[in-house]
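Here it is: the structure, laid out below.
The values are calculated or read from the model by the stated rules, or taken from the named source; none is laboratory data. Every value quoted in this text rests on a predicted model; they were computed, and no experiment measured them. Reconstructed Cβ throughout: ideal geometry from the backbone, glycine too, with neighbour counts over all protein chains shown.
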Amino acid sequence: MPHVVIVGTQWGDEGKGKIVDVLSRHVGAVARFQGGNNAGHTLVVEGKKVVLHLLPSGVLRDDCLCVIGNGVVVDPAVLLEELDELGETGRVLGPERLRISAQAHVIMPYHLALDRLREAALGDGRIGTTCRGIGPCYEDKVARRGVRMSDLVRPEVLRERIARVLPEKNGAIAALGGEPLDLDAIVEALSPLGERLAPFVGDAAAELHRLHRRGRSILFEGAQGTFLDIDHGTYPYVTSSSTVAGGACAGSGVGPTLIDEVVGIAKAYTTRVGSGCFPTEDLGEPGERLRAQGAEFGATTGRPRRCGWFDAPLVRHAARLNGLTRLALTKLDVLSGLSEVPLCVAYEGYDRESFPAALDDVTPIYETMPGWEGDLSGCRSISELPANALRYVQRVEELVGIPVELVSVGPGRSDTILHGDLFTR
Ligand code: IMP
């Protein structure tokens, strides 16, 4: 099994969890490399629902190390809550199974306050963030005034780090109409969390290299999606990290030569949460149908997702930005029952190789594919799909230029068509 990076090719929520689950059967570690608890996916453990925001999806595999890489931003309270919740299902994730990079940055109470206050101040111009403090935490990291996990676990250092920035933070909070925060209260609240997390904190990159030397493979689990990337996304309506595959290296401490495969996950249609352009969005009844059929509500915020049609130029561009080697197409079953399925094949004025710098005023060109009927969830091979569903998959593959080697046909773990050597090993 090679080292594999998994990324979303649209605006997140492509259904990465299920694909990570399929692939993690064979790996020695699953590593998160960016984002924080703005991500979210639901697992069912022993009949109990567990929503993971921060923990890598390898939590269910007993022999799999879970790594929170240096590129991740960590809210300690949320992480401990997740560990406790998992513990309640009988799955205790001890320090031998979870490594948190000492270099990962900590989401502080003032990051949460600033995220909320800024969004409120922006009114209609808001980004639509998850209000989890992600952006303000990354800002501090880049501005060299952040608090890292290595600081959180040393109370004297923690106090000193916070004391240095708090006056400025309180100034910004007050300017936005918020309540200033108290140094003692922050240190008091965070110190016990640091104490509990200390056994998990260490050199995450070294652990990955150790596994590599032992011939175990690593799965790098991306969060959000390509077009929420801080550089390549629909700026400024983006998240604050590098969501593209290149981010896996910087965010975990491995070099690019270690990566063998990059799997892109694409939903068979498109969704987006939060503000920002969305060329193939359907604001009418068909879009509402996609939301209802696909249960398109955010796992983190519960917000209804905006829905629209598959955008081939977008995913083709994602293939270039990430160096995709394989594509997984999810939620094909949601399109069943439509008499026709619109598919965006190009943007007016752009050829296969070019992509607009901004998506605000592109005009999508649609092809209308014939629809299909019936429940796809029993299909276990491509040849079992209704002829028009197969035609749709093949057209997506042709337009994106990457082989579709996994098709998800229902919400269940087994409702998946696998082919190609990576997924069927
Ligand atoms: P932030 O990451 O909370 O700063 O939010 C920035 C933008 O990214 C907003 O539009 C969010 O809705 C979006 N976003 C962040 N995380 C996710 C995710 O996991 N899925 C989909 N959208 C996300």
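Exactly one of (1) crowded, with 16+ Cβ neighbours inside 10 Å; (2) closer than 22 Å to ILE230 by Cβ; (3) not basic (Lys, Arg) is unmet by CYS344. Its number?
(2)
For region 35-67, enumerate the residues that are in a strand (DSSP E or B), within 16 Å of the ligand (Cβ to nearest atom) and at pLDDT 85 or above. It would help to see each step written out before you state the result.
Of all residues in region 35-67, those in a strand (DSSP E or B) come to 35, 41-45, 48-52, 65-67.
With the extra rule that they be within 16 Å of the ligand (Cβ to nearest atom), the set shrinks to 35, 41-43, 51-52.
Scanning region 35-67 gives GLY35, LEU52.
Just to be sure I understand, how many residues within region 126-154 are outside any loop (DSSP other than H, G, I, E, B) and free of Cβ contacts under 8 Å to residues at least 40 places away in the same chain? Write out each step before concluding.
Our first condition is that a residue be outside any loop (DSSP other than H, G, I, E, B); within region 126-154, this holds for 134-142, 148-152.
Next cut, free of Cβ contacts under 8 Å to residues at least 40 places away in the same chain only: 136, 140, 142.
Of the residues in that region, 3 qualify.
So ALA358 clears everything in (1) surrounded by 15 or more Cβ atoms within 10 Å (Cβ to Cβ); (2) at pLDDT below 95 except one condition, right? Which one?
Only one criterion is unmet by ALA358, namely (1).
Hey, can you tell me all the residues within region 110-165 that are aromatic (Phe, Trp, Tyr) and out of contact with any helix residue (DSSP H, G or I) (no Cβ under 6 Å at 6 or more places or on another chain)? Can you show your working first?
Within region 110-165, the subset aromatic (Phe, Trp, Tyr) is 110, 138.
Matches in region 110-165: TYR138 only.
Turning to a different aspect of this structure: Regarding region 78-99, can at least one residue be identified that is more than 16 Å from the ligand (Cβ to nearest atom) and in a strand (DSSP E or B)?
yes
When the residues of region 280-320 are filtered to those that are among the aliphatic types (A, V, I, L, M) and surrounded by fewer than 22 Cβ atoms within 10 Å (Cβ to Cβ), which remaining residue is nearest to the ligand (Cβ to nearest atom)?
Initial filter on region 280-320 (among the aliphatic types (A, V, I, L, M)): 283, 290, 292, 295, 299, 312, 314-315, 318-319.
Subset that is surrounded by fewer than 22 Cβ atoms within 10 Å (Cβ to Cβ): 283, 292, 295, 299, 319.
Values: LEU283: 18, ALA292: 19, ALA295: 14, ALA299: 8, ALA319: 20 Å.
Here the answer is ALA299.
Can you tell me which residue among ILE218, ILE259, ILE265 is away from the ligand (no atom under 16 Å from the Cβ) and either buried (at least 21 other Cβ atoms within 10 Å of the Cβ) or polar (S, T, N, Q) (or both)?
Criteria check complete, one pass: ILE218.
Here's something else I'd like to know. Identify, from the list GLY349, GLY323, the residue that is on the phi > 0 side of the Ramachandran plot, surrounded by fewer than 21 Cβ atoms within 10 Å (Cβ to Cβ) and touching a residue at least 24 places away in the same chain (Cβ under 8 Å).
Details: GLY349 fails: touching a residue at least 24 places away in the same chain (Cβ under 8 Å).
On inspection, the qualifying residue turns out to be GLY323.
Another question, then. Report yes if some residue within region 250-261 is without any contact (Cβ under 8 Å) to a residue 12 or more places away in the chain, more than 29 Å from ARG306 (Cα to Cα) and part of a loop (DSSP other than H, G, I, E, B); otherwise report no.
Checked region 250-261: at least one residue is without any contact (Cβ under 8 Å) to a residue 12 or more places away in the chain, more than 29 Å from ARG306 (Cα to Cα) and part of a loop (DSSP other than H, G, I, E, B).
Okay, next question. For region 192-207, how many residues meet the condition of being part of a helix (DSSP H, G or I) and crowded, with 17+ Cβ neighbours inside 10 Å?
Taking region 192-207 first, the residues part of a helix (DSSP H, G or I) are 192-200, 204-207.
With crowded, with 17+ Cβ neighbours inside 10 Å added as a condition, the list becomes 193-194, 197, 200, 204-205, 207.
The total comes to 7.
Against the definition (within 10 Å of the ligand (Cβ to nearest atom), modelled with pLDDT of 95 or more and out of contact with any helix residue (DSSP H, G or I) (no Cβ under 6 Å at 6 or more places or on another chain)), how does THR243 come out, yes or no?
Details: within 10 Å of the ligand (Cβ to nearest atom): yes; modelled with pLDDT of 95 or more: yes; out of contact with any helix residue (DSSP H, G or I) (no Cβ under 6 Å at 6 or more places or on another chain): no.
For THR243, the condition - within 10 Å of the ligand (Cβ to nearest atom), modelled with pLDDT of 95 or more and out of contact with any helix residue (DSSP H, G or I) (no Cβ under 6 Å at 6 or more places or on another chain) - is not met.
Continuing with the same structure: Among the strands (runs of 3 or more DSSP E) confined wholly to region 292-410, which include 3 or more residues that are in the same structural domain as TYR235 (by TED's automatic domain parsing) and over 26 Å from HIS53 (Cα atoms)?
340-347, 364-370
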